[in-house]
């Protein structure tokens, strides 16, 4: 009955901040080269971050689900 | 008018109409309960929620307005991509808490939660009214999407009716009446079921478009070579201004923070079966962002295809401005049967969010205005009846919006909605973590945010320009008004909460407990 209080924040959640740094720092990707199959860097790099954004959420997801399962 | 395209378009439209009515029997529940009509019984699993939210958030606006900006203004329109990347970590980290407390306390809207958390009906009213007002232009935007698709098929919009005279936008009116009737009948189940068809069509059209059109145009290298070299990427900062890069970043950030405060997004999330479904969807919904990025590039492809100077599209561009770019590109590049499929995808893509948005507004009206101020003793079935009627009124209001307002740059309407809805962030999002904020202070912050946001947007000459430069020590930082006004809102909310708590020492009146959020 006496379950430990669930922590709202855990260090692995910091991973979720990475996409904000990458995407809001517009100067880091506002350029044409290198292109990918003719698509300028500006466009394909941001498309790539859709995938990377999922990639940083996955470990957080598995850690959280494991954490909650162990408290049941 | 192209008979093949129109036939396919009408057939697909009829199919989803039938689905809309059949949906009432799907996962049958008592549709005289608000949580059944307005939240689908909170029973949608991971897959249905994925389709529902995908159909809800990536709308006809996606198809039409985002490529329209790339077509007209170049790289700046691509902010929709970082925007829809950044929204999901927030959904992942924060929204399971909202889902849990809503389930524990029977909340149907974000304003319900604010009412419970801060024990203040006035603040909840402010949140509810903001939601309804911000959503109206968003529904209107869906109508614009549908209008462009219907017009792109060459169907006449002004139809003479015997005994009445010429009726403007008749096909649109018919489509909307059909939508209104099945939403009334089936509630959230209707858009959930229709979303399956919409998304299947969407993915087929997008994949076909990004394979066929670049090949026809000689590859992406040639496509981007045809674009205006000044706007292929954003302009660099100057000595006097941070320039378009700051606008780009703040548009992405502001839109991100606003998105899941919209009533239709909250409704979609709360209809899911568990907090795990919410989390899983935060991880899998970015698949739609990828489709969005590809759709955005259609704007650049339309430039390369040269549709603007083709005489057969002159009338469409005259009526809809750059929003006609994608329809024109489809007509130019696809065989006529596939034009029917593509335009059906756009029109159905408008129906799903329009239905969910009107349901979400109806939920807000019923719970936070009708029950709170008009008839507190309303029975559960009375609640459902009020909501059904309210959904009709909301749709009529949206129709009025597009018939009476200029719609050339529909995206600006949506950005203005963002300026409004983002002002509920301190109450809803901060409220999920603390009850120490004073509700009257939050209300003052809300007033400051709405006031400054509207002042900034209209101050720019009633052109609904939503990016307003902020002067910092003589250096201009172009900033989406939603972000700058939100900062003011947060400061006011925090300072006055501290002041009121220090002086008045009123204990928080909180109907929730920490365990409700887990």
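Where a number appears in this text, it was derived from the coordinates with a stated rule and is not lab data. This one's a predicted model, so the numbers in the text were calculated from it and none came from an experiment. Backbone-built Cβ (ideal geometry, glycine too); neighbour counts: all protein chains shown.
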Exercise. Between segment B:427-454 and segment B:317-342, what's the alpha-carbon centroid distance in Å?
Worked result: 44 Å
Exercise. If you bin the C-alpha pair distances of segment B:143-213 every 5 Å from 0, what whole percents do you get?
Worked result: 3, 13, 14, 18, 20, 13, 10, 5, 2, 0
Exercise. Hey, could you pull the Cα Rg and Dmax for chain B, both in Å?
Worked result: 22.7, 73
Exercise. Hey, can you rank B:36-45, B:11-20 by average C-beta count inside 10 Å, highest first?
Worked result: B:36-45, B:11-20
Problem set entry | Inter-centroid distance (Cα atoms) of segment B:228-253 relative to segment B:122-180, Å | 34 Å
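Roughly how crowded by other chains is peptide B:74-81, in terms of the mean Cβ count from those chains within 10 Å of each of its Cβ atoms?
Numbers: counts 0, 4, 0, 0, 4, 3, 1, 7.
Going residue by residue through B:74-81 and averaging, the value is 2.
Would you mind estimating how fast segment B:69-208 diffuses translationally, via Stokes-Einstein at 20 °C and 1.002 mPa s with the Kirkwood radius over Cα pairs, in µm²/s?
Numbers: Rh = 19.3 Å.
Here the translational diffusion coefficient equals 111 µm²/s.
Step by step: find N for segment A:11-70, compute 2.2 N^0.38 Å, then divide the Cα radius of gyration by it. What's the final number? Please list the in-between numbers first.
Details: Rg = 15.0 Å, N = 60, 2.2 N^0.38 = 10.4 Å.
Compared with the compact-globule rule of thumb, segment A:11-70 sits at 1.44.
At 222 nm, what value in deg cm²/dmol follows for chain B if DSSP H runs of at least 4 each add -39500 (n - 2.57) and the sum is divided by all its residues, to the nearest 500?
On the way: 22 runs with 353 residues, N = 518.
Per the formula, -22500 deg cm²/dmol.
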For this session: Just the Kirkwood number for segment B:197-249, please: inverse of mean 1/r across all distinct Cα pairs, in Å, one decimal.
Result: 14.0 Å
For this session: In square nanometres and to one decimal, what's the mean projected area of the convex hull around the Cα atoms of segment B:245-348?
Result: 9.3 nm²
Problem set entry | segment B:495-518 versus segment B:1-68: alpha-carbon centroid distance in Å | 40 Å
Problem set entry | Tail beyond 16 Å, pair distance distribution of segment B:1-73 (Cα, percent) | 70 percent
For this session: Could you work out the Kirkwood radius for segment B:228-284, taking every pair of different alpha carbons, averaging 1/r and inverting it, reported in Å?
Result: 14.4 Å
For this session: Considering Cα pairs under 8 angstrom that are at least six residues apart, work out the relative contact order of chain B and quote it in whole percent.
Result: 31 percent
Seminar exercise, completed: Here Rg/Rh (Cα, Kirkwood) for segment B:322-455 equals 1.08
Seminar exercise, completed: Ratio for the protein assembly as shown, C-alpha Rg to 2.2 N^0.38 Å, reads 0.94
Exercise. Going by how many other beta carbons lie within 10 Å of each one, how would you line up B:332, B:264, fewest first?
Worked result: B:332, B:264
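Rank these for me by crowding, B:56, A:35, going from fewest to most other beta carbons within 10 Å. Don't skip to the answer; put the middle values down first.
Details: B:56 25, A:35 15.
Ascending number of Cβ neighbours within 10 Å: A:35, B:56.
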Exercise. Going by how many other beta carbons lie within 10 Å of each one, how would you line up B:232, B:386, fewest first?
Worked result: B:232, B:386
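Counting pairwise Cα distances across segment B:185-303, what percent come out greater than 21 angstrom? Could you put the intermediate results ahead of the total?
Values: 4181 of 7021 pairs.
Value for segment B:185-303: 60 percent of Cα pairs lie more than 21 Å apart.
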